[in-house]
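The structure under discussion appears below in the form of structure tokens.
Read-outs throughout are calculated quantities, based only on the coordinates presented, and are distinct from any laboratory measurement. Everything numeric here is computed off the predicted structure, so don't read it as measured data. Backbone-built Cβ (ideal geometry, glycine too); neighbour counts: all protein chains shown.
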Amino acid sequence: MAEIAPIGAETQRALALEQRYLAHNYQPLDVAIAAGQGAMVTDELGKEYFDLVGAYSAVSQGHTHPRIYQAMLDQANNVGVTGRYVHNLLLGPYAAKLCQLVERGDPEIAMKMLPMNSGSEAVDTAIKMSLRWAYDKKGIPDGEGRIIAAKGNFHGRTMGALSLSTTPEYRKGFEPLADNIDWVDFGDEDALESVITDKTAAFFVEPIQGEGGVIVPPAGYLKKAAEICRKHNVLLVADEVQTGLGRTGKWLASWHDDVQPDVVILGKALGGGVYPVSAVVGKAEVMDVFEPGSHGSTWGGNPIACAVAMESLDVIEDEGLAAQAAKLGNIALERLKAIRSPHVKEARGKGLLLGVELDQPARPVCERLAQLGALSVPTHDNVVRFAPPLIISEEQLHRALDLVEQAILEMN
């Protein structure tokens with residue numbers, strides 16, 4: 001591990017306690033964040049860093065956004081968690097706001113939602129819903145429903161979400177997983193159609209594979225996939241936990257192909273960087289397969305989550321963050337593509353979800369970037385991934401990209 005910066009006494013103590021008492025399922029950089037504002041974070045000794053990760057897209061509105069933070073505090077002063085055994089005053093308005101957003105102003109699409117807490121939990125919810133829909137609506141015999149997933153995907157770490165993954169290091173030591181999954185190459189609509197059978201319930205896909213290395217499919221792929229799914233009465237389930245809510249330059253990445261998925265999974269930015277919030281939004285005929293007792297979540301749809309989510313959505317709209325992501329994403333991608341290094345194989349992405357693929361492991365670049373004052377993460381070993389807060393200014397972005405270029409050009 002390269003030495004990134006001098007470490008204060010409080011940070012040393014915190015890292016020692018993590019080493020002793022924490023399960024080591026992450027390998028973080030030796031940076032401990034003490035405070036954050038907008039696109040910047042600060043360590044104990046006051047060193048500032050450009051946050052080019054944004055908590056994996058969870059901080060799209062920036063760190064400690066005052067409106068979102070205040071919405072959380074205001075609601076916490078009234079009531080925090082109520083449970084779904086009673087109603088609360090915010091869940092209905094929140095459901096309406098989110099469904100109307102996904103409907104794009106067309107109420108005939110008739111969306112409904114189910115509130116959850118994490119992206120993985122929402123993926124598991126969508127899996128359960130897809131299978132029940134297949135049995136109750138499509139007529140597949142109970143227990144015989146199958147799901148198609150794209151190779152190289154990432155849907156989460158729970159057992160259900162993990163069952164959709166092809167990545168060996170994610171699956172190792174956790175098998176047996178669900179065996180009713182069929183995998184197809186991402187971006188290949190012919191492969192999708194070839195694997196569909198009369199037992200297929202749904203096709204789960206990320207419009208852009210983030211954890212998989214920021215893989216952007218060919219233009220029109222999702223549109224063709226949607227047409228194939230409709231043809232065979234298969235649900236198109238878009239996992240937009242990372243790509244949704246303005247990240248790629250539109251509210252949903254699916255909309256780049258003018259696709260209205262049957263089911264959309266949302267999370268991360270829905271919590272505005274202050275609270276875990278996720279949701280499954282789907283067409284009414286699909287969501288209606290749930291009945292009292294068939295699914296639930298103690299914390300899902302709690303008043304604080306509803307208040308935070310509604311304000312988070314309002315901030316994205318009021319501040320034009322989708323358009324901001326589109327504009328700055330084009331600037332960033334051009335700059336990344338212009339880096340003249342023999343170690344850069346490709347720069348790619350859409351909006352402010354970007355990646356630079358290298359011909360060697362990416363972690364040393366991330367460590368050097370941290371030394372220089374910018375935080376990034378490696379994914380799939382050799383890709384440096386970037387997902388900064390959407391509120392980052394153009395001037396901040398250029399300064400951060402200067403550091404990215406320097407770190408890459410210093411590679412041996």
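Summary of computed values
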item	result
Contour excess over end-to-end distance, with Cα ends at T298 and T64 and 0.36 nm allotted per residue	81.6 nm
Order by protection proxy (mean Cβ within 10 Å, highest first), peptides 108-116, 289-297, 69-77	108-116, 69-77, 289-297
Point-charge dipole on Cβ atoms (K/R +1, D/E -1) for segment 69-318, about Cα centre, debye to 20	320 debye
Entries of K199/K250; K283/K345; K112/K327; K231/K345; K137/K224 with Cα pairs more than 30 Å apart	K199/K250; K283/K345; K112/K327; K231/K345
Difference of contour (0.36 nm per residue) and Cα-Cα distance, A323 to A338	3.1 nm
Hull shadow area, averaged, segment 307-412 [alpha-carbon convex hull, nm²]	6.9 nm²
Spacing of the two label points (7 Å from each Cα toward its C-beta) at D314 and K223, in nm	3.6 nm
Cα-based shape type of segment 105-169, given that a ≥ b ≥ c are square roots of the gyration tensor eigenvalues and the cut on a/c is 1.5	oblate
Relative packing of 11-18, 273-280, which averages over residues the other C-beta atoms within 10 Å, highest first	273-280, 11-18
Listed residues A305, A225, H155: farthest to the positive end of the dipole of the chain (Cβ charges)	A305
The chain: relative contact order as a whole-number percent, Cα under 8 Å and 6+ apart	23 percent
Computed FRET value (nearest 0.05) for S194 with E10, which takes r as the C-beta separation and R₀ as 45 Å	0.20
Translational diffusion of segment 217-263, µm² s⁻¹ [Kirkwood Rh, Cα pairs; Stokes-Einstein; 25 °C; 0.890 mPa s]	226 µm²/s
Full-stretch length increase - R157, V86 - with 0.36 nm per residue and alpha-carbon distance subtracted	22.5 nm
From phi via Karplus (6.51, -1.76, 1.60), per-residue ³J(HN,Hα) for segment 153-162 in Hz, x at Gly/Pro	6, 9, 10, x, 10, 5, 5, x, 5, 5
Segment 1-154 - Rg (one decimal) and Dmax (whole number), Cα, Å	21.8, 63
Share of alpha-carbon pairs per 10 Å distance bin for the chain, given as whole %	5, 22, 31, 27, 12, 3, 0
Descending principal axes extents, segment 185-318, alpha-carbon based, whole Å	45, 37, 23
Q100/L17 FRET efficiency (R0 51 Å; Cβ-Cβ; nearest 0.05)	0.65
Computed helical MRE - 222 nm, the chain, DSSP H runs ≥ 4 contributing -39500 (n - 2.57), nearest 500	-10500 deg cm²/dmol
Residues N412 and K128, FRET efficiency given R0 of 45 Å [Cβ-Cβ distance, rounded to 0.05]	0.35
For a label point 7 Å along the Cα-to-beta-carbon line of D74, residues of segment 286-306 with backbone N under 18 Å	302-306
